[in-house]
């Protein structure tokens, strides 16, 4: 089974983000980058399927040259080879534009399964994998925690709301969007790091894929969240105030 895993390089979660001079993106010069969290879980799911059923795991990423470090990380964890669509203006593309690039590259491989993360930690669109499936004409499912191969295709476990789960079956080929936390992530071994240096990394550009770099939607401005402090006095008896507080924590703050 050939599995393509789409990964994205994003700023580290604890990075001190500053807006650049254009006001349309962040200043990248002094921050560290890492693999997108849910993409790391997609990679782990692919590696486990390969260990159970054999086949090949191919990493697919779009981004500037620096994304190569994240691709090598995926190779060191066990991916067999990688494809990088090089673009220095990826942040100017919307989800549709990125999906066109990834789908065009993935089609060349004729995969049995395409895995993506549920959403990216930087932009958080949560749409790229779904659009890829539509462009490739393949069935898809999102919020996936576990994948099992069957005689007729695959069986997947989806996370729904309020602690509910759904098990469905899909034919192959298919596209799946993987949720974080479904399994335990592995670390790269020293031997894996050494092997990653010799594994194939194929580089493509937008022209190679016959795609336009003009987005359907453009990002006009970004801004840091405004810090706000407020105090609320909850009236009523202690019992009534406690009940009101629980409701606010559940439905307004959403920490319960």
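The values are calculated or read from the model by the stated rules, or taken from the named source; none is laboratory data. This one's a predicted model, so the numbers in the text were calculated from it and none came from an experiment. No Cβ is skipped: glycine too gets one built from the backbone with ideal geometry, and neighbour counts run over all protein chains shown.
Taking the conditions exactly as written (farther than 21 Å from residue 107 by Cβ, touching a residue at least 40 places away in the same chain (Cβ under 8 Å) and exposed (fewer than 10 other Cβ atoms within 10 Å of the Cβ)), does residue 221 satisfy them or not?
Considered against the rule, which asks whether it is farther than 21 Å from residue 107 by Cβ, touching a residue at least 40 places away in the same chain (Cβ under 8 Å) and exposed (fewer than 10 other Cβ atoms within 10 Å of the Cβ), residue 221 comes out as yes.
In the range 224-245, what residues are surrounded by 10 or more Cβ atoms within 10 Å (Cβ to Cβ) and not in a loop (DSSP other than H, G, I, E, B)?
Once the filter is applied, which keeps residues that are surrounded by 10 or more Cβ atoms within 10 Å (Cβ to Cβ) and not in a loop (DSSP other than H, G, I, E, B), the range 224-245 yields 240, 241, 242, 243, 244, 245.
In the range 63-84, which residue that is assigned to a strand (DSSP E or B) and modelled with pLDDT of 95 or more is surrounded by the fewest Cβ atoms within 10 Å (Cβ to Cβ)?
The residue in question is 81.
Among the listed residues 248, 157, which satisfies the condition of being surrounded by 11 or more Cβ atoms within 10 Å (Cβ to Cβ) and part of a helix (DSSP H, G or I)?
On inspection, the qualifying residue turns out to be 248.
When you scan the range 201-223, how many residues do you find that are assigned to a loop (DSSP other than H, G, I, E, B), over 22 Å from the mean Cα position of the chain (by Cα) and either at pLDDT 80 or above or over 30 Å from residue 25 (Cα atoms) (or both)?
Number satisfying all stated conditions: 3.
Could you count how many residues in the range 1-53 are in a loop (DSSP other than H, G, I, E, B), under 21 Å from residue 186 (Cβ atoms) and either in contact (Cβ under 8 Å) with a residue 24 or more places away in the chain or in contact with a helix residue (DSSP H, G or I) (Cβ under 6 Å, 6 or more places away or on another chain) (or both)?
4
Can you tell me which residues in the range 119-137 are crowded, with 21+ Cβ neighbours inside 10 Å and either outside any loop (DSSP other than H, G, I, E, B) or modelled with pLDDT of 95 or more (or both)?
Answer for the range 119-137, where residues must be crowded, with 21+ Cβ neighbours inside 10 Å and either outside any loop (DSSP other than H, G, I, E, B) or modelled with pLDDT of 95 or more (or both): 128, 129, 131, 132, 133.
Have a look at 99, 105, 141 and point out the one that is in contact with a strand residue (DSSP E or B) (Cβ under 8 Å, 6 or more places away or on another chain), part of a helix (DSSP H, G or I) and in contact (Cβ under 8 Å) with a residue 12 or more places away in the chain. Please lay out each step first, then the result.
Details: 99 fails: in contact with a strand residue (DSSP E or B) (Cβ under 8 Å, 6 or more places away or on another chain); 141 fails: part of a helix (DSSP H, G or I).
None of the others qualify; the one that does is 105.
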